[in-house]
Ligand code: HEC
C-alpha cells in the first residue's frame, strides 16, 4: 500500500512536470509585461475611437467593419486577462492593494469588452477612460516615477488624462 502510494505520488508529480510547485512558468516580469503586452494592446484599444485633430481638421475615429470591432473587443480581453497575470505570485507586490488595483483593471476592461460587443463607440471611449484610470491608479502607488515623468503618455484621444 505504501509503495503504491509513493508510486502514485511519483506519477502525479511527473504529470505535473516533475518539479514541485505550479506547472505554469511566468516569463515576463511586471516591467516587461507592461511593455510587451499591456501598453501596446491598451493603445490599440484607445486608438480605435475618439477624435484626432490634424492639419486637415477634426476626424472621428470608429471601427467600421466587424473585424475592426472584434479587434477592439480582443484588445480589451487581453487587457482583462493581463490583470490576472499581474496577480500571479512572482508579479504581485502584495496581497491587498495590488490585487485590488489589478482587479479594478480587470473589471474596467470587462466593461470595455461589453462596450465593444455592443458596438457602441461612445461607450468604448468612456469605458476606455475608466480603464486608463485603473492603469494610473496602480502606477500612482507602485510606480510613481512613470506618472511623474509622464513616460506613460496617455493617448491624445482619451478624455480624462490625469
Ligand atoms: C496592478 C498594478 C498595475 C496596473 C493595473 C498597471 N500597471 Fe503598468 N506598471 C506597473 C508597475 C509596478 C510598473 C513598473 C515596473 C518596473 O519598472 O519594474 C508599471 C510600468 C508600466 C509601464 C512602463 C514599462 C517600462 O518599460 O518601463 C507602462 C508603459 C505601463 N506600466 C502601462 C500600463 C498600462 C497601459 C496599464 C493599463 C492598461 C497598466 N500599466 C496597468 C503596475 C501596473
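The values are calculated or read from the model by the stated rules, or taken from the named source; none is laboratory data. In this text, all values refer to a predicted model and were calculated from it rather than measured experimentally. Cβ: placed from backbone, ideal geometry, glycine included. Neighbour counts: every protein chain shown.
The table below lists the values:
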quantity	calculated
Tally, over region 91-111, of residues that are surrounded by 13 or more Cβ atoms within 10 Å (Cβ to Cβ) and part of a loop (DSSP other than H, G, I, E, B)	3
Test: residue in region 112-121 that is free of Cβ contacts under 8 Å to residues at least 24 places away in the same chain, out of contact with any helix residue (DSSP H, G or I) (no Cβ under 8 Å at 6 or more places or on another chain), surrounded by fewer than 14 Cβ atoms within 10 Å (Cβ to Cβ) and over 18 Å from residue 139 (Cα atoms)	yes
Residues being more than 7 Å from the ligand (Cβ to nearest atom), in a helix (DSSP H, G or I) and either touching a residue at least 24 places away in the same chain (Cβ under 8 Å) or surrounded by 18 or more Cβ atoms within 10 Å (Cβ to Cβ) (or both) - total across region 27-51	7
Check on residue 154, surrounded by fewer than 17 Cβ atoms within 10 Å (Cβ to Cβ) and at pLDDT below 95	no
Residue 75 vs. criteria in contact with a helix residue (DSSP H, G or I) (Cβ under 6 Å, 6 or more places away or on another chain), at pLDDT 95 or above and assigned to a loop (DSSP other than H, G, I, E, B)	no
For residue 85: the one exception among (1) at pLDDT 95 or above; (2) not in a helix (DSSP H, G or I)	(2)
